Amino acid sequence: MNEYHPTRTPAWILLIMRELKFLLAVWKTNIASAMEYRAAFIAQMLGMILNNAVYFIFWVIFFDRFRDVRGWELSDMFLVFGVAASAFGLAAFLFGNAFYLSEIIARGRLDYYLSLPRPILLHTVASRSISSGLGDFTYGILSYLASGYCTWDGFGRFLCGVVLACMAFTSFMIIVHSLTFWLGNAAGFAGLALNAMVTFALYPVTLFEGFSKLILFTIVPAALMGALPAEFVRAFSWGALGKLFLGALLLLGLAVLVFHRGLRRYESGSAIQVEV
Amino acid sequence: MRKFTKYWAIFKIQLINSLAYPAELFWRSIIVVLFLWVFAQLWKLPFAGTESGVIAGLTYADTLWYLMLTEAIELSRTRLIRNISEAVKDGSVAYLLNKPYDFLLYQLSTSLGETFFRWLLTTLLGGAMAWLLVGPPPDPRGWPLVLVAILGSWVLNFCMSALIGLLAFVTEEVAPFEWVYQKMIFILGGMLIPLDFFPAWLQNLARCLPFAYQTYGPARLFVDPSLERFAALMLGQFTWIAGLSLLLALAYNRGLRRLAINGG
C-alpha cells in the first residue's frame, strides 16, 4: 500500500524534467559538433547577419520613397522583421531537422530515432543545428534594438514573443513535412509552405484583408510568427499574449498529432546501421 | 564547332533530366503565384496614391509584369554555387580533369539545361497570375529581344556563381557569399523593386554593377521594349561576361594549382 507523500513531485513533471535534460544534452552535443568547424560556424553566423541586413535595404528604400503602408512605417518593419528573424533563427538552431523532416521520413532515416528510448519527434527535430540560425537570431535582436520600440520590459516581451513564434513556426514545419507519410515526399510542398510562411510574416499585415487575413491566422499561420508577436512587443495586452500562446499551443498539439498519426504509416528503411 | 557539340549534348541531357521530377518542378515554380499576389497587395497602395497612376515611368501593371519576369529569372536559378564548391571541397573536381571536356563549360551546359524548363514553367504560371491581376502582358514584339537578354542573364549569373563556387579553393565556407550574392540580386539587381524607384545616387551605383544586367535589364526591356534599351543591355552584359570569364578562367587555373589529390 502506498503511503501519501505531500512533497512528492508529480510523475508528469518528472517526465518533463527528464526530457528537458535530454534536450539540453542534445543541444550541447550539437553546439560541440558545430564548434569543431569554428571558422565555418562564425562565417555562417556573420554571413547570415549581413544577408538579412542587405535584404532589409528593400524596406528602407520602399519606406524612404512611399512613407507608409496603411499605417505601417519603417520602425514597424524593423520590429516585425526582428521577431520573425529571431523566431526563424531559433527554430533553425535548436530544431534544425524540422526543415529536413520530409527527407528523413522519405529515406527511412527515422529508423535510428525509433530504435532509441526517447520521444521520437523531439529527438528527430532537435538532432540537427543549422549554424546560420544563430545569425538570424542575432540579427532579429539587432533589428528589434533599431526599431525604436526598445525598452526593458519590451525586450522581455520580445523574447517571450520569439519563443512562442518559434514554437508556432517549428510546429508548422513539422505538420507540412509530416505530409510525407501520406504523399511519399512532401519536400517540394514543404518548401512552398516555408516560403509562404516567411514571406507573409515579413510583409506588413495591414496589406492583407478579409479572406487573406483569415488564411494568415489559420492555413499559413504567418501572423503567429510576425504580426501578432510584434503587436505584443509593442504594448502588453492579455489578448495578444493569449492569442499567441493559444495559437502556438494548438499548432504544437496538431504537429504532434499529425506526426504520430503519420508514423503509423511509416515503413522502415533498415537504416539503423547507417546512423549508428 | 565540333568541339561544342558535346556541350550541346550535355545541355540536352540535362534538359531532359530536369523533367524527370515534375512534382518538384511544379512546387518550385508555383511559388511565383504567391509572390506575385503579395507584390500586388504591396504595390497597389503607392500607385493608388498617385493621380497619374505612374511612378518613375512605370504603371502598376508594368510593375507587376516587371516583377513577374525578375522572379521567374531568380526562381529558375540552379544550385550552381553549391555544386561547384562541393566538387572542389570533396575533391571530385580532380576526377573530372581527365575527362574530355572543360569543367567550367560542362557546368555551364548543365546549368543552362537545368534552368530552361524551370524558367519556362515559372514564367507561364507567373504570367497567368500577372494577367489575372493586371491584364495582358506588354507588347509581344519585344519578346524575342527579351529572350536574348535572358540568355545573357543566365550566362552572366553562371560567371558570378562559378567564381563564388571556386572560392572553395581558398575558403572553408562559401554559403555566406552565396547568400549575399543572392541578396545583391534582390536589391541592386532590382528583383524586388525596380531600380527606377531608387534614389538617384543608388540608381547610378546599381546600374554600374553586374547585378542589374541579370534581372533589372531583361525585365525593364520586357515592359518597355526598344532597340536602344536592348543595345545598351547587350553592351553591358557582354562587357561583364567578357571581364568575368577572364577572371573565372584565371581563378580556375590558379585553383587547380592548389589542388591536392590524395589517393583515388
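The values are calculated or read from the model by the stated rules, or taken from the named source; none is laboratory data. Note that the structure is predicted; figures quoted are calculated from it, not measured. Backbone-built Cβ (ideal geometry, glycine too); neighbour counts: all protein chains shown.
All of (1) modelled with pLDDT under 95; (2) closer than 30 Å to residue A:235 by Cα; (3) in a helix (DSSP H, G or I); (4) not hydrophobic (A, V, I, L, M, F, W, C) hold for residue A:149 with one exception: (3). With respect to residue A:258, determine if the residue is farther than 18 Å from residue A:84 by Cβ and either among the hydrophobic types (A, V, I, L, M, F, W, C) or without any contact (Cβ under 8 Å) to a residue 12 or more places away in the chain (or both). So residue A:258 passes the test.
Within region B:169-198, the residues that satisfy the criterion of being facing another protein chain (nearest Cβ under 7 Å) and not hydrophobic (A, V, I, L, M, F, W, C) are B:172, B:173, B:176, B:183. Within region A:99-113, at least one residue is part of a helix (DSSP H, G or I), polar (S, T, N, Q) and either under 24 Å from residue A:179 (Cβ atoms) or touching a Cys at 6+ places or on another chain (Cβ under 8 Å) (or both).
Residue count for region B:89-105 satisfying the condition of being buried (at least 16 other Cβ atoms within 10 Å of the Cβ) and either under 20 Å from residue B:76 (Cβ atoms) or among the small types (Gly, Ala, Ser) (or both): 1. Among the residues of region A:169-199, none is identified as at the interface with chain B (Cβ under 10 Å from one of its Cβ atoms) and at pLDDT 95 or above. As a summary of the residue check, residue A:54 satisfies the conditions (1) on the phi < 0 side of the Ramachandran plot; (2) more than 8 Å from every other protein chain (Cβ to nearest Cβ); (3) not polar (S, T, N, Q) except for the one numbered (2). Exactly one residue among A:230, A:168, A:190 is surrounded by 24 or more Cβ atoms within 10 Å (Cβ to Cβ), among the aliphatic types (A, V, I, L, M) and under 13 Å from the mean Cα position of the chain (by Cα), and that residue is A:168. In contact (Cβ under 8 Å) with a residue 12 or more places away in the chain and of a type in the set (Phe, Trp, Tyr), is that true of residue A:208? So residue A:208 fails the test. Going by the conditions given, is residue A:83 touching a Leu at 6+ places or on another chain (Cβ under 8 Å) and either polar (S, T, N, Q) or touching a residue at least 24 places away in the same chain (Cβ under 8 Å) (or both)? No: the conditions fail for residue A:83. If you go through region B:190-205 one residue at a time, do you hit one that is without any contact (Cβ under 8 Å) to a residue 40 or more places away in the chain, of a type in the set (Phe, Trp, Tyr) and buried (at least 20 other Cβ atoms within 10 Å of the Cβ)? Within region B:190-205 (the criterion being without any contact (Cβ under 8 Å) to a residue 40 or more places away in the chain, of a type in the set (Phe, Trp, Tyr) and buried (at least 20 other Cβ atoms within 10 Å of the Cβ)), the answer is yes, since at least one residue qualifies.
Does residue A:140 satisfy the condition of being within 14 Å of another protein chain (Cβ to nearest Cβ) and surrounded by 21 or more Cβ atoms within 10 Å (Cβ to Cβ)? No: the conditions fail for residue A:140. Kindly evaluate residue A:24 against the criterion of being within 12 Å of chain B (Cβ to nearest Cβ) and assigned to a helix (DSSP H, G or I). Judged against the criteria, residue A:24 is not a match. Tell me, yes or no, whether region B:55-78 has at least one residue that is within 11 Å of another protein chain (Cβ to nearest Cβ), within 25 Å of residue B:182 (Cα to Cα), of a type outside the set (A, V, I, L, M) and outside any loop (DSSP other than H, G, I, E, B). Within region B:55-78 (the criterion being within 11 Å of another protein chain (Cβ to nearest Cβ), within 25 Å of residue B:182 (Cα to Cα), of a type outside the set (A, V, I, L, M) and outside any loop (DSSP other than H, G, I, E, B)), the answer is no, since none of the residues qualifies. In the condition set (1) assigned to a helix (DSSP H, G or I); (2) within 11 Å of chain B (Cβ to nearest Cβ), residue A:214 is compliant with all but (2).
Within the option set B:39, B:4, being without any contact (Cβ under 8 Å) to a residue 60 or more places away in the chain, away from chain A (no Cβ under 14 Å) and assigned to a helix (DSSP H, G or I) holds for one residue only, B:4.
Per the conditions (1) within 14 Å of residue A:168 (Cα to Cα); (2) in contact (Cβ under 8 Å) with a residue 24 or more places away in the chain, the sole criterion not satisfied by residue A:243 is (2).
Can you pull out every residue in region A:61-84 that is outside any helix (DSSP H, G or I) and of a type in the set (Phe, Trp, Tyr)?
So the first thing to find is which residues in region A:61-84 are outside any helix (DSSP H, G or I), and the list is A:67-73.
Answer for region A:61-84, where residues must be outside any helix (DSSP H, G or I) and of a type in the set (Phe, Trp, Tyr): just A:72.
Pairing residues of region B:142-154 that are more than 15 Å from residue B:65 (Cβ to Cβ) with residues that are buried (at least 21 other Cβ atoms within 10 Å of the Cβ) and among the hydroxyl-bearing types (Ser, Thr, Tyr), at Cβ distances under 8 Å and at least 6 apart in sequence or on separate chains, gives B:152/B:213; B:153/B:213; B:153/B:215; B:154/B:111; B:154/B:115. Screening the candidates B:23, B:9, B:87 for the property of being under 27 Å from residue B:125 (Cα atoms) and either more than 11 Å from chain A (Cβ to nearest Cβ) or part of a helix (DSSP H, G or I) (or both) yields one hit, B:23.
Consider region A:34-45. How many of its residues are assigned to a helix (DSSP H, G or I) and more than 7 Å from every other protein chain (Cβ to nearest Cβ)?
Within region A:34-45, the subset assigned to a helix (DSSP H, G or I) is A:34-35, A:38-45.
Filter once more, keeping what is more than 7 Å from every other protein chain (Cβ to nearest Cβ): A:34-35, A:38, A:41-42, A:45.
Selection size over region A:34-45: 6.
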